[in-house]
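A.B. asks: The structure's right below; bear with me while I get my questions together.
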Amino acid sequence: MSSAQDKLKQEAAQAALKFVQPGTVVGVGTGSTVNYFIDALATMKQDIEAAVSSSEASTVRLKQHGIEVIELNNVRDLPVYIDGADEIDKHFHMTKGGGGALTREKIIAAVADKFICIADESKQVGRLGGFPIPVEVIPMARSYVAREIVKLGGDPEWRQGFVTDNGNLILDVHNFDILDPIELERQLNNIVGVVTNGLFAARNADVALIATAQGVQELTL
Ligand SMILES: O=C[C@H](O)[C@H](O)[C@H](O)COP(=O)(O)O
């Protein structure tokens with residue numbers, strides 16, 4: 001354990017196990033907090049049918065634990081999706097995609113009945129936007145999309161040297177004044193060449209498990 005924050009991430013991840021329904025497929029997110037969840041899920045791998053994964057990195061970790069990973073296209077019922085966040089507000093709107101996995105995460109979140117967000121308390125914010133908003137972009141559209149984002153009031157920065165699992169690029173957008181996350185999510189997705197963006201507002205979380213020094217808070221809207 002490298003830090004107090006890691007300990008909190010691990011506690012939030014452990015608390016998510018109670019939302020895993022035996023005999024079902026589990027949706028698994030991406031990131032350092034989810035890595036702890038995958039490790040915890042391994043303790044009950046005999047009880048679940050399989051997992052669907054939001055990234056190549058999570059798939060590798062799941063398989064290392066002997067957890068079967070199946071294609072989302074073969075899944076009809078997905079009771080829960082468990083994932084971290086870079087920021088979460090009081091409406092459970094989130095910014096995600098610090099690790100670049102936003103698109104696959106958003107697809108699985110759309111399929112799942114319940115989104116369980118696991119995070120340490122540092123991720124709670126009054127208003128989204130302190131963490132830059134990642135935007136996944138088709139490579140040939142990078143400059144055009146960047147110019148359109150400037151018109152919306154953001155400062156895009158190309159995450160150079162990074163390619164998503166889908167073969168695309170990321171623009172991290174700084175300095176958005178986010179009054180209406182659902183509207184900004186929609187506006188960004190309307191730019192031609194954008195695959196999706198890291199605002200998870202139209203589809204927010206259903207439950208937030210926030211780890212604090214005093215224990216894990218289970219919050220619902
Ligand atoms: O692309 C990455 C994901 O959206 C992560 O869930 C997010 O960045 C939070 O990651 P971490 O748990 O490492 O802070």
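A.B. asks: Quick one: ranking Lys96, Lys7, Lys90, Lys123 by accessible area, 1.4 Å probe, largest first, what do you get?
C.D. replies: From most accessible down to least: Lys90, Lys7, Lys123, Lys96.
A.B. asks: Determine the principal axes of the Cα atoms in the chain, then give the extent along each, sorted from largest to smallest and rounded to whole angstroms.
C.D. replies: Answer, in whole Å and largest first: 50, 39, 32 Å.
A.B. asks: To the nearest 500 deg cm²/dmol, what mean residue ellipticity at 222 nm is calculated for the chain from DSSP H runs of n ≥ 4 alone, each contributing -39,500 (n - 2.57), summed and divided by the residues?
C.D. replies: That comes out to -8000 deg cm²/dmol.
A.B. asks: Hey, another quick one. So how exposed is His65, as accessible area in Å² (1.4 Å probe, rounded to 10)?
C.D. replies: 60 Å²
A.B. asks: With N residues in region 94-138, what two-decimal value do you get for its Cα radius of gyration over 2.2 N^0.38 Å?
C.D. replies: 1.25
A.B. asks: Which of the listed residues, Leu152, Val194, Ile182, is farthest toward the dipole's positive end in region 133-198, when Lys, Arg count +1 and Asp, Glu count -1 at the beta-carbon?
C.D. replies: Towards the positive end, the residue furthest out is Val194.
A.B. asks: Taking the Cα centre of the chain as origin, work out the dipole magnitude from +1 charges on Lys and Arg Cβ and -1 charges on Asp and Glu Cβ, in debye rounded to 20.
C.D. replies: Dipole about the Cα centre, nearest 20: 180 debye.
A.B. asks: What percent do you get for the relative contact order of region 89-214 when only Cα pairs under 8 Å and 6+ apart count?
C.D. replies: Once divided by the residue count of region 89-214, the mean separation gives 42 percent.
A.B. asks: Next question. Please compute the contact order of the chain in relative form: average sequence separation of alpha-carbon pairs under 8 Å and at least six residues apart, divided by the residue count, as a percent.
C.D. replies: The normalised contact order for the chain reaches 22 percent.
A.B. asks: Solvent-accessible area of Asp6, probe 1.4 Å, all protein chains present, reported in Å² to the nearest ten, please.
C.D. replies: 30 Å²
A.B. asks: Per residue of region 141-147, in order, report the coupling 6.51 cos²θ - 1.76 cosθ + 1.60 (Karplus, θ = phi - 60°) as ³J(HN,Hα) in whole Hz, putting x for Gly and Pro.
C.D. replies: Values per residue, Gly and Pro as x: 9, 3, 5, 4, 4, 4, 5 Hz.
A.B. asks: Size of the dipole of region 57-97 about the Cα centre, Lys and Arg at +1 and Asp and Glu at -1 on the beta carbon, nothing else charged, in debye to 20?
C.D. replies: 100 debye
A.B. asks: Once the other residues with Cβ under 12 Å from the Cβ of Val52 are scored (Lys, Arg +1; Asp, Glu -1), what is the net sum?
C.D. replies: -4
A.B. asks: Sort Val195, Val69, Val34 by heavy-atom solvent-accessible area, probe 1.4 angstrom, most to least.
C.D. replies: Val195, Val69, Val34
The values are calculated or read from the model by the stated rules, or taken from the named source; none is laboratory data. Remember, predicted model here, so these are calculated numbers, not experimental data. Using ideal geometry, Cβ is built from the backbone for each residue, glycine included, and neighbour counts are taken over all protein chains shown. Note: accessible area is taken over every heavy atom of the protein model, side chains too, but ligands, DNA and RNA are not part of it. Shrake-Rupley method; radii C 1.70, N 1.55, O 1.52, S 1.80 Å.
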